[in-house]
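Quick notes on the structure that follows.
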Amino acid sequence: MINFGTNDYGYAFSQNHNIEEVKKNGLVSDVVEAIKQALKKIIYHGARKVLVFGVALDGCRPISVTMQSANKSATYDRFGCVKDNNDFCNYHNELLQEGLKELREQNPDVQIVYGDLYNAMQSILDNSQSLGIGFKSLTEACCDVDAENKKKAILYKDKLCGAHGTIVCPKPEEYVFWDNGHCTQKANEQLADWIIQDIFPKFQCNA
């Protein structure tokens, strides 16, 4: 199972590089190539069933929403997620899937399956009410949420959950995000269920 890319882009954005700059400087191609090289190594060492995750909806993470709050040109979807960030994630995922297609053609005896975190997360947002999940907040963090300030996410780049002075909401199960960028246990359960149902038939596993 391979899953990386989010932190590479997150670091670039934290250094004040915008999305177009990151695209133009070739970072996405470099990240995808690094994933392909890692895949080639584990296939060389005998792997025959490999799961490779794309990146999820970065534009919905509390840290992304907060960082874009000062950007007057930023646009948001109906859930409050930053559209440009999510479009960028989709761009990465498309390049990654092209790379995986090449590797499948080169290694017909290896099952290389794409883990679609993007649509898994989108499914949570689209169906949270109809599925009875009951998330009350989709883009705010449970940790560092000030209940006395209308549950507005108070985000600290240099302070982690559990540090002195951080605030944790009383019901994490009502939030998609635990902290600035990581999902709650409840949200992860839903993501895992979606992914398992999606990948199981693709691996052609015998029950």
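The values are calculated or read from the model by the stated rules, or taken from the named source; none is laboratory data. Since the structure is predicted, the reported quantities are computational estimates derived from the model, not experimental observations. Using ideal geometry, Cβ is built from the backbone for each residue, glycine included, and neighbour counts are taken over all protein chains shown.
Arg78 passes every criterion in (1) free of Cβ contacts under 8 Å to residues at least 24 places away in the same chain; (2) among the basic types (Lys, Arg); (3) under 20 Å from Glu21 (Cα atoms) apart from (3). Being buried (at least 20 other Cβ atoms within 10 Å of the Cβ) and either assigned to a loop (DSSP other than H, G, I, E, B) or among the charged types (D, E, K, R) (or both) narrows it down to one of Ala56, Ala74, so name that one. The conditions single out Ala56.
Within region 20-75, the set of residues being modelled with pLDDT under 90 and of a type in the set (Phe, Trp, Tyr) is empty. Does Asp193 satisfy the criteria of being at pLDDT 85 or above, out of contact with any strand residue (DSSP E or B) (no Cβ under 6 Å at 6 or more places or on another chain) and within 30 Å of Glu20 (Cα to Cα)? So Asp193 fails the test. Screening Val31 on (1) among the hydrophobic types (A, V, I, L, M, F, W, C); (2) touching an Asp or Glu at 6+ places or on another chain (Cβ under 6 Å); (3) exposed (fewer than 14 other Cβ atoms within 10 Å of the Cβ) shows it passes everything except condition (3). Across region 139-171, the qualifying residues are those that are modelled with pLDDT of 70 or more and crowded, with 18+ Cβ neighbours inside 10 Å, and the one among them that is nearest to Ala56 (Cα to Cα) is Thr139.
Whether any residue in region 61-69 is under 20 Å from Pro108 (Cβ atoms), surrounded by 14 or more Cβ atoms within 10 Å (Cβ to Cβ) and touching a residue at least 12 places away in the same chain (Cβ under 8 Å) is what I want to check.
Scanning region 61-69 turns up no residue that is under 20 Å from Pro108 (Cβ atoms), surrounded by 14 or more Cβ atoms within 10 Å (Cβ to Cβ) and touching a residue at least 12 places away in the same chain (Cβ under 8 Å).
When residues in region 80-89 are screened for being under 25 Å from Asn3 (Cα atoms) and surrounded by fewer than 17 Cβ atoms within 10 Å (Cβ to Cβ), 2 of them pass.
Would you point out which residue out of Ala38, Ala34, Ala47 is of a type outside the set (Val, Ile, Thr) and part of a loop (DSSP other than H, G, I, E, B)?
Values: Ala38 fails: part of a loop (DSSP other than H, G, I, E, B); Ala34 fails: part of a loop (DSSP other than H, G, I, E, B).
Just one listed residue meets the conditions, Ala47.
Scanning region 19-73 for residues that are under 19 Å from the mean Cα position of the chain (by Cα) and among the hydroxyl-bearing types (Ser, Thr, Tyr) returns Ser29, Ser64, Thr66. Within region 77-115, restricting attention to residues that are out of contact with any helix residue (DSSP H, G or I) (no Cβ under 7 Å at 6 or more places or on another chain), charged (D, E, K, R) and in a loop (DSSP other than H, G, I, E, B), which residue is farthest from Asn180 (Cα to Cα)? Once the filter is applied, the top-ranked residue is Asp109.
Scanning region 85-124 for residues that are farther than 20 Å from Leu27 by Cα, hydroxyl-bearing (Ser, Thr, Tyr) and modelled with pLDDT of 95 or more yields one hit, Tyr114.
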